[in-house]
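Undergrad: Mind looking over this structure? Questions follow.
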Protein chains: 2
Amino acid sequence: MSDGLPPQMGQSLLFLTDEQLRKGIEAMFFAYRGFTADPDRILNDKSYGRAHHRAIHFIHRSPGTTVNNLLSILGVTKQSLNRVLRTLIEDGLVASTVGQRDKRERHLHLTEVGAALERELSDAQRDRMRAAYRAAGPDAVAGFRQVLEAMMDEETRHHYEAMKDRPE
Amino acid sequence: MSDGLPPQMGQSLLFLTDEQLRKGIEAMFFAYRGFTADPDRILNDKSYGRAHHRAIHFIHRSPGTTVNNLLSILGVTKQSLNRVLRTLIEDGLVASTVGQRDKRERHLHLTEVGAALERELSDAQRDRMRAAYRAAGPDAVAGFRQVLEAMMDEETRHHYEAMKDRPE
DNA sequence: TTGGAATGTCAACAAAGCTGACGTATTGTC
DNA sequence: GACAATACGTCAGCTTTGTTGACATTCCAA
């Protein structure tokens, strides 16, 4: 069969054809739906949304983080984050404490209830990720991460790298 | 250095630790931002949104598709899609024609103007994808696609597969 | 032929993003 | 000590994109 490409362009560059790139784009689109599907179901039952999940996730990852820091990680405005944060604090999932050194800052922590929801959400999300990893194998996983990292914006990658090797 | 795991659990299963899974989850989150960033900028200038991009993309991919079919691919309600579709039709980017066999159906096509925007958007998105692919290399790309496909819902994967090997 | 299923449209509402303006407390600087 | 800058919260209002509910049109099968 002919691939319509000059013979010197073999497997080595075949992954850069528009066709291959399009498949990657569509794979990314469809996979992201699966990626968020399980947490979305849990959140929906509790009348929270994806925005709450994101806040909870990164507060869990960086306990004591400030509002400003969370803002730059999430890449949203403070008004938008504030709406979400307010409901989480009102509902007793997140605790906000005035900073010791700098009293203008608020340090954010998950309460026991918040931590419980975080576990429920990340368990669900990890289950799917684990199944995908298992199905694809270790080499595929390494490639998966490489491509994703190369796809990030410069600033975003800094956030990712900073987060990356922090203990659980 | 110790990885805190029993010695018989070497590299082979290391990719399934919660730590590794968490990195994958965060990589997916941050990468998706990059994935949509370039089209988003273009769309913003033209006061369209991501939903318009998705509609345009899949109408381009399946010319003559019906509203119902598009609905199940995009995974949204018909009311939500209809709003987007209406503006695209009003603005002359999409043509909607009554079905021959079944007059309830509307068949959707891109106009010349619509096709031009589609090219602009997919060029931008492909550029980033190409850079990521090039940086990661062919083996990584294969793994990337494998993991993404394994991450999809069953039904979603059917849509993806159906789309996959259709000529450009 | 008629009643139900399928397709698509209109209306109203909710979640979550945005900008802009403003208030307050605190910090750091001249 | 005065004053600018920073961190945070909030109000108002707008946009995008999702939702449900109600409805018109068309098709098909009993």
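Undergrad: Do the conditions hold for A:Arg41, that is, is it among the basic types (Lys, Arg) and farther than 30 Å from B:Gln125 by Cβ?
TA: For A:Arg41, the condition - among the basic types (Lys, Arg) and farther than 30 Å from B:Gln125 by Cβ - is not met.
Undergrad: Could I ask something else about it? Of all residues being farther than 22 Å from A:Asp127 by Cβ and among the basic types (Lys, Arg) in region B:142-168, which is surrounded by the fewest Cβ atoms within 10 Å (Cβ to Cβ)? Just the residue, please.
TA: Once the filter is applied, the top-ranked residue is B:Arg166.
Undergrad: Of all residues in region B:14-38 being more than 7 Å from chain A (Cβ to nearest Cβ) and over 19 Å from A:Asp123 (Cβ atoms), which is farthest from the chain's Cα centre (by Cα)?
TA: Top of the filtered list is B:Leu14.
Undergrad: Being more than 30 Å from A:Gly137 (Cβ to Cβ), more than 14 Å from chain A (Cβ to nearest Cβ) and open to solvent by less than 60 Å² (accessible area, probe 1.4 Å), is that true of even one residue in region B:124-140?
TA: No: zero hits.
Undergrad: Being open to solvent by 60 Å² or more (accessible area, probe 1.4 Å) and more than 8 Å from DNA strand C (Cβ to nearest atom) is the filter here, so list the residues in region A:64-80 that pass it.
TA: Scanning region A:64-80 gives A:Asn68, A:Asn69.
Undergrad: For A:Thr111, work out the one condition from (1) farther than 19 Å from B:Met28 by Cβ; (2) out of contact with any Leu (no Cβ under 7 Å at 6 or more places or on another chain); (3) not hydrophobic (A, V, I, L, M, F, W, C) it doesn't fulfil.
TA: (2)
Undergrad: Moving on. Got a number for residues in region B:28-40 being open to solvent by 40 Å² or more (accessible area, probe 1.4 Å) and either away from DNA strand D (no atom under 13 Å from the Cβ) or under 20 Å from B:His107 (Cβ atoms) (or both)?
TA: 1
Undergrad: Among the listed residues A:Arg61, A:Arg83, A:Arg54, identify the single one that is within 8 Å of DNA strand C (Cβ to nearest atom) and either crowded, with 18+ Cβ neighbours inside 10 Å or within 14 Å of another protein chain (Cβ to nearest Cβ) (or both).
TA: Only one candidate passes the filter, namely A:Arg54.
Undergrad: I've got another one for you. Test each condition in (1) within 30 Å of A:Met151 (Cβ to Cβ); (2) more than 12 Å from DNA strand D (Cβ to nearest atom); (3) away from chain A (no Cβ under 14 Å) for B:Tyr48 and report the one that comes out false.
TA: Checking B:Tyr48 against (1) within 30 Å of A:Met151 (Cβ to Cβ); (2) more than 12 Å from DNA strand D (Cβ to nearest atom); (3) away from chain A (no Cβ under 14 Å), the one that fails is (2).
The values are calculated or read from the model by the stated rules, or taken from the named source; none is laboratory data. Only a predicted model underlies this, so the values are computations on that prediction, with no experimental measurement involved. Please note: Cβ atoms are built from the backbone with ideal geometry, for glycine as well, and neighbour counts cover all protein chains shown. Heavy atoms of the whole protein, side chains included, go into the accessibility calculation; ligands, DNA and RNA do not. Shrake-Rupley method; radii C 1.70, N 1.55, O 1.52, S 1.80 Å.
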